[in-house]
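A short worksheet on the structure shown next.
Bear in mind that the values in this text are calculations on the coordinates, not laboratory data. Quick caveat: nothing in here was measured; it's all calculated off a predicted structure. FYI the Cβ positions are ideal-geometry reconstructions off the backbone, even for glycines, and counts take in every protein chain you see.
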Amino acid sequence: MSIIAILTAAIVISVLGLAFGALLGVTDRVFRTPSNPTADALRECLPGANCGACGYPGCDGYAVAVAEGKAPVGACAVGGAPCAAKMAAIMGVDAGETVRMVATVACQGSAEHCGDKGEYQGMTDCVAASLVNGGTKLCQYACLGLGTCERACPFDAIHIDPLKKIAVVDKEKCQGCKKCVAACPQHVLSMQPADRVVTVGCHNPEKGVALKEKCDRACIACEACVKACNFDAIVMENGVPKIDYQKCVGCMACADACPTGAMEAEFESRKEAYIDPSKCVGCTLCTKQCKFDAIEGALKQTHKVLGACTGCGLCAEKCPKHAITMRDRRAPRNKMDKVKKAAAPVKAPVKTPESGK
Amino acid sequence: MNEILTILIGSIFVNNFAMSRFYGICPFLGVSKKLETAFGMGMAVTFVMAAASLVAYLVNEFLLIPFGLTYLQTIAFILVIAVLVQIVEMVIKKMSPGLYQALGVYLPLITTNCAVLGVAQLNVTEGYNLILSVVNGVASALGYTLSICLFAGIRERLALGNMPKWMEGFTGAMITAGLMAVAFNGFSGLI
């Protein structure tokens, strides 16, 4: 091969490359989609998970929608509040408060609470199982526990508990992308605030005590929780209570009142009020404030917190002398046995705890 | 006409790109978990292969052969395909954002796919003219779409079935692909 052949090869390929380069350049000029600097800056703030929880096709789509003013800044579930704050700074708006929402299982129909109709030997998939005879559980609304949500989750945040055989959400890992909510054929999953302490653990719309034959954790629509709530945060909707988490203070009185345990509460994190006797001046503001009649004390005398305290924290907020702190409970109630304790929850010498004001 | 028919049947069934030539196995295994995405990939491949056959033929006929540079086919074709895919992507993005959303993810993936280079090389070695090259490009891609869609359908069913633990996921997929290739082998006496 002569030097000429080498040169020809080099020149032809170079010219080809140059021509293509020029072509690309020209095409880029002609066909460039006008990029939006605001959208690019917004895109930088987003996490890039492309999960679609915001309702737009990926982070790019959401960034463009925000830049055009079609979407609010706080819609990114994965990025959360820090992301919303950065985007708000770019857009020059107020971020507002974004509540972190996580997937929540509205069913406690584990193996011990809700029995099986029979032995299911089909495909290990909830959609397949839900098509046959109203599901495999006695309750046709129950979590089937075959892991369709687990497989849908891109963040490894939802798992089928090996003992309970129902879905359990890892609140820390959940990014709020709603993929599991869409995947669940039983509609057991929904998005609820991550910092909630009470959860409606049943979504069976049927009523009456007969339900307990299907599942002993079923909501029988007795409305005891609605009556127990001193903050008007619970309404009945489709035969199950619905909690307004804007109003809920986390006193867990509803869960105390629930006869079946359908209302789940994180009792282990429950606090109680403690009045520092050295600071209390006996103004009785707290006794008036308490919606559970859990503080006794006459004017000018040191007040005392009784066992009926639900740990709602209202008194601590109102005390003008800052004498009240919320501390871990000294004597935790026996919450596991709810059916028995619903009638007489605690030693409450003054009034019964459920009597309201 | 007869020749076109022979190429069509030959490229779709007998010499199926994925199943008997074993080209483009990476996306064949990677993008075949869902029928929907598999079909999207197949369409993108069809699009690129038809265009690549056309341009590669022109480059080979009017640039490489006159200069006696046919030994540079591989590098020239790669250049052509890469540029082509980039231009096509830009044009689609501008002209049809809907199609861009549908194909967008797959187009860059195809840039360096051996199936596309393979069809350009095959056209040259078989000595096809311009029309036959494009027909071969489209037919090969349709054959690829057929096999990847069939495979995706089977994998969707397998994912739901009660497979032994050691057969789940890629193990089962590989064995399925092998069995499919055996089945496609049955077409070999057709032409």
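Given the options B:64, B:84, B:54, which has the most mean-square fluctuation in a GNM of chain B, springs set between C-alpha atoms less than 10 angstrom apart? Of the options given, B:64 has the highest mean-square fluctuation.
Largest mean-square fluctuation among B:150, B:35, B:160, in a Gaussian network model of chain B whose springs join Cα atoms under 10 Å apart, belongs to B:160.
Listed by number, the DSSP H helices of chain B that run 24 Å or longer by alpha-carbon position along their axis and have mean Kyte hydropathy of at least -0.5 are B:35-59, B:73-95, B:130-160. In the protein assembly as shown, taking the dipole from charged Cβ atoms about the Cα centre, the farthest positive-side position among B:26, B:148, A:51 is held by A:51. The charge dipole of chain A, taken about its Cα centre with unit charges on the Cβ of Lys, Arg, Asp and Glu (plus for the first two, minus for the last two), comes to roughly 1260 debye. Loop exposure criterion: GluC sites (Glu not before Pro), DSSP state outside H, G, I, E and B, at most 10 other Cβ atoms within 10 Å. Applied to chain A, the longest stretch between such sites is A:173-357. Here the Gaussian network model covers chain B, with springs between Cα atoms less than 10 Å apart; of B:117, B:142, B:58, B:58 fluctuates the most. In region A:261-331, with Lys and Arg counted as +1 and Asp and Glu as -1 at Cβ, which of these residues, A:267, A:302, A:314, has the Cα nearest the positive end of the dipole, that is, farthest along it? Farthest towards the positive pole: A:302. Label point of residue A:281 set 7 angstrom out along Cα-Cβ; within region A:313-333, amide nitrogens under 14 Å from it belong to A:319-324. When each full DSSP H helix of chain A is screened for a Cα extent of at least 15 Å along its own axis and an average Kyte-Doolittle hydropathy of at least 0.5, the helices passing are A:3-31, A:80-91. Mean residue ellipticity, 222 nm, helices only, the protein assembly as shown: the sum of -39500 (n - 2.57) across DSSP H runs of n ≥ 4, divided by residue count and rounded to 500, is -13000 deg cm²/dmol. First measure r as the distance between the Cβ atoms of residue B:70 and residue A:237, then evaluate 1/(1 + (r/R0)^6) with R0 = 56 Å and state the FRET efficiency to the nearest 0.05. My answer for the efficiency is 0.15.
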